[in-house]
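Values quoted throughout were computed directly from the atomic coordinates according to the rules given, and no laboratory measurement underlies them. Since the structure is predicted, the reported quantities are computational estimates derived from the model, not experimental observations. A quick note on method: Cβ atoms are made from the backbone with ideal geometry, for glycine too, and the neighbour counts reach across all protein chains shown.
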Amino acid sequence: MYGLIGKIIAAEGKGAELAAILGQNAGATMPGCRSYVVAPDAGNPDHIWITEVWDTAEAHKTSLGLPSVQAAITRARPIIAGMERVAETGPVAGV
């Protein structure tokens, strides 16, 4: 499996809006996605943590081309102040 933990920083005061946009795909069908969690940081709501688990790194890469993901990226881009890829992981267990 392939895991990814990232942080997206929203423009000041736009964290809730950004989290809502990113969360729209949480219930969508993304082939190979086992978990997609959007969580505002408890200490700074303009910092949004994204935690993902995929069958493979290729499944994650492919998901970036899905129309629903592309639409979310287009809507989110104007309110993103920064991005950080925190870690790539190799999940072995979870629920």
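For region 74-95, which residues satisfy the criterion of being out of contact with any Gly (no Cβ under 9 Å at 6 or more places or on another chain) and part of a strand (DSSP E or B)?
Hits for region 74-95 are ILE80, ALA81, GLY82.
Those residues that are surrounded by 15 or more Cβ atoms within 10 Å (Cβ to Cβ), over 12 Å from the mean Cα position of the chain (by Cα) and under 20 Å from THR74 (Cβ atoms), I need them from region 1-13; list them, please.
Hit for region 1-13 is ALA10, nothing else.
Identify all residues within region 14-52 that are part of a loop (DSSP other than H, G, I, E, B), surrounded by fewer than 16 Cβ atoms within 10 Å (Cβ to Cβ) and of a type in the set (A, V, I, L, M); write none if there are none.
Passing the criteria: ALA26, ALA28, ALA42.
Keeping to region 74-95, report how many residues are farther than 21 Å from ALA19 by Cα, surrounded by 14 or more Cβ atoms within 10 Å (Cβ to Cβ) and hydrophobic (A, V, I, L, M, F, W, C).
Matching residues across region 74-95 total 0.
What are the residues in region 46-60 that are more than 18 Å from ALA10 (Cβ to Cβ) and either among the hydrophobic types (A, V, I, L, M, F, W, C) or under 14 Å from the mean Cα position of the chain (by Cα) (or both), if any? So that I can check it myself, show each step before the final result.
The initial filter retains those residues of region 46-60 that are more than 18 Å from ALA10 (Cβ to Cβ), namely 52-60.
GLU52, VAL53, TRP54, ALA57, ALA59, HIS60 - these are the residues of region 46-60 that are more than 18 Å from ALA10 (Cβ to Cβ) and either among the hydrophobic types (A, V, I, L, M, F, W, C) or under 14 Å from the mean Cα position of the chain (by Cα) (or both).
Scan region 53-68 residue by residue and report those that are farther than 18 Å from ILE5 by Cβ and surrounded by 15 or more Cβ atoms within 10 Å (Cβ to Cβ). Write out each step before concluding.
Step one: filter region 53-68 for residues farther than 18 Å from ILE5 by Cβ, giving 58, 62, 65-68.
Passing the criteria: THR62, LEU66.
Quick check: anything in region 48-62 out of contact with any Cys (no Cβ under 8 Å at 6 or more places or on another chain), more than 18 Å from THR29 (Cβ to Cβ) and without any contact (Cβ under 8 Å) to a residue 24 or more places away in the chain?
No, every residue in region 48-62 fails to be out of contact with any Cys (no Cβ under 8 Å at 6 or more places or on another chain), more than 18 Å from THR29 (Cβ to Cβ) and without any contact (Cβ under 8 Å) to a residue 24 or more places away in the chain.
Which condition number does ALA71 fail, the rest of (1) surrounded by fewer than 16 Cβ atoms within 10 Å (Cβ to Cβ); (2) in a strand (DSSP E or B); (3) not hydroxyl-bearing (Ser, Thr, Tyr) being met?
ALA71 satisfies all of (1) surrounded by fewer than 16 Cβ atoms within 10 Å (Cβ to Cβ); (2) in a strand (DSSP E or B); (3) not hydroxyl-bearing (Ser, Thr, Tyr) except (2).
Taking the stated definitions as given, is ILE79 in contact with a Lys or Arg (Cβ under 8 Å, 6 or more places away or on another chain), among the hydrophobic types (A, V, I, L, M, F, W, C) and over 26 Å from GLY94 (Cα atoms)?
Values: in contact with a Lys or Arg (Cβ under 8 Å, 6 or more places away or on another chain): yes; among the hydrophobic types (A, V, I, L, M, F, W, C): yes; over 26 Å from GLY94 (Cα atoms): yes.
For ILE79, the condition - in contact with a Lys or Arg (Cβ under 8 Å, 6 or more places away or on another chain), among the hydrophobic types (A, V, I, L, M, F, W, C) and over 26 Å from GLY94 (Cα atoms) - is met.
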